[in-house]
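The values are calculated or read from the model by the stated rules, or taken from the named source; none is laboratory data. All figures in this text were calculated on a predicted structure; none of them were measured in a lab. Here Cβ is always computed from backbone atoms with ideal geometry, including for glycine, and neighbour counts include all displayed protein chains. SASA here: full protein model, heavy atoms, side chains in, ligands and nucleic acids out. Shrake-Rupley method; radii C 1.70, N 1.55, O 1.52, S 1.80 Å.
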Amino acid sequence: MVREAINYSSYWRSTTFSATVEPTIYLLAFGFGFGSLVSVVAGYDYIEFIGTGIVATAVLFSSAFPAMFGTFVKYSFQRTYDGILAAPVDTEELVTGETLWIAIRAGVYGNVPMLIAMIFGLPPSWGMLLVPLIAFTAGFGWAGFGISIAGFANSFENFNYVVSAVLTPLFLVAGTFFPIDGLPEWAQVLAQFNPLYHCVELVRGAVFGFDGGVGEFFVHYGVIVLFGLITWRVGIYAMTKKLID
């Protein structure tokens, strides 16, 4: 992580720009574009609805994509991991360090859309203090997911299948832009297995309050913790196969 932090000081501007501007564009485009047609969604002003939901998008963009592409570049082209593994470090420590570093960044970047939404009317609340923790935990899971995909991939072209067939559908049925209540029942059931959906519900609940009380928080948070543990272990397995076996 220290090595990553030192390297990060040389490219933080471009990384911060790409990780925060795109979700912010979604926020402004949908918030003011679609929001001019639909003022209230699920009982919230649309800018408030999407300003909380888009946090999950910022977490996804700042964790899964850097983990996929960054990991692949480091072991295929830069040979960074060969140098690290020459020291007394194993792949579990390597993957854990990479995952934690990306999760920390996601925990910071994920807050940007919400802060911008506050400028446009999202009322502050004490529950917002939970959002960095939520973004970090979700970012940990998506970082592990990206590292796992990179570990199993043989080329950059393999990422196209994951982005088109996995990430895009998950992105669209997470409840970010519209409530999933209006979807067919089978889609609502599938959404329960979508970690992005639980991240959206956590952020929205932290800001506006959980209808189901504290228990609802722990259910959603438990899902993204479980997602993180699974992808972390899979990432370790995939990178061990890639780098050692």
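Round to the nearest 0.05 the FRET efficiency obtained for GLU157 and LEU85 when R0 = 25 Å and r is the Cβ-Cβ distance. Provide the component values of the computation, followed by the final result.
On the way: r = 26 Å, r/R0 = 1.05.
Efficiency, rounded to the nearest 0.05: 0.40.
Quickly estimate the mean residue ellipticity at 222 nm for the chain, helices only: each DSSP H run with n ≥ 4 gives -39500 (n - 2.57), and the total goes over all residues, rounded to 500. Write down the numbers at each step before the final one.
On the way: 11 runs with 174 residues, N = 245.
Estimated from H runs of four or more residues: -23500 deg cm²/dmol.
What percentage of the solvent-accessible surface of the chain, computed with a 1.4 Å probe over protein heavy atoms, is contributed by carbon and sulfur atoms? Write down the numbers at each step before the final one.
Numbers: 7970 of 11530 Å².
It is 69 percent, rounded to a whole number.
Could you tell me what fraction of 2.2 N^0.38 Å the Cα radius of gyration of the stretch 73-198 comes to, as a two-decimal ratio? Walk me through the numbers on the way to the answer.
Details: Rg = 17.9 Å, N = 126, 2.2 N^0.38 = 13.8 Å.
For the stretch 73-198, the normalised Cα radius of gyration comes out at 1.29.
Assign one of three labels to the stretch 24-64, namely rounded, prolate or oblate, based on the Cα gyration tensor with a ≥ b ≥ c the square roots of its eigenvalues; rounded applies when a/c is under 1.5, prolate when it is not and a/b is larger than b/c, and oblate otherwise.
Values: a/c = 3.88, a/b = 1.87, b/c = 2.07.
It comes out oblate by the Cα gyration axes.
For the stretch 101-209, what does the accessible surface come to per residue with a 1.4 Å probe? Please give it in Å².
Values: 4690 Å² over 109 residues.
Solvent-accessible surface per residue comes out at 43 Å².
From the square roots a ≥ b ≥ c of the eigenvalues of the alpha-carbon gyration tensor of the stretch 95-136, which class results: rounded (a/c under 1.5), prolate (a/b over b/c), or oblate?
Details: a/c = 6.20, a/b = 2.40, b/c = 2.59.
Oblate, because a/c is 1.5 or more while a/b does not exceed b/c.
Once every Cα of the stretch 185-245 carries one equal point scatterer and solvent is ignored, give the base-10 log of I(q)/I(0) from the Debye formula at q = 0.17, 0.20 Å⁻¹, two decimals.
Values, matching the q order: -0.66, -0.79.
How large is the convex hull of the Cα atoms of the chain per residue, expressed in Å³ as a whole number?
Values: hull volume 32.0 nm³, N = 245.
That works out to 131 Å³ per residue.
So if we plug the beta-carbon distance of SER125 and GLN78 into 1/(1 + (r/R0)^6) with R0 = 45 Å, what FRET efficiency do we get, rounded to 0.05?
Efficiency computed from Cβ-Cβ geometry: 0.55.
When the chain is fully extended, how far beyond the present Cα-Cα distance does LEU115 get from SER39, taking 0.36 nm per residue of separation? Walk me through the intermediate numbers first.
Details: separation 76, 0.36 × 76 = 27.36 nm, distance 2.01 nm.
Gain in length upon complete extension: 25.3 nm.
Rounded if a/c is under 1.5, else prolate if a/b beats b/c, else oblate: with a ≥ b ≥ c from the C-alpha gyration tensor eigenvalues square-rooted, which is the stretch 138-184?
Working: a/c = 4.04, a/b = 1.92, b/c = 2.10.
Because a/c hits 1.5 or more and a/b fails to exceed b/c, the stretch 138-184 counts as oblate.
Looking at the calculated P(r) for the stretch 126-223, what percent of the C-alpha pair distances fall above 25 Å?
Working: 1215 of 4753 pairs.
Roughly 26 percent, rounded to a whole number.
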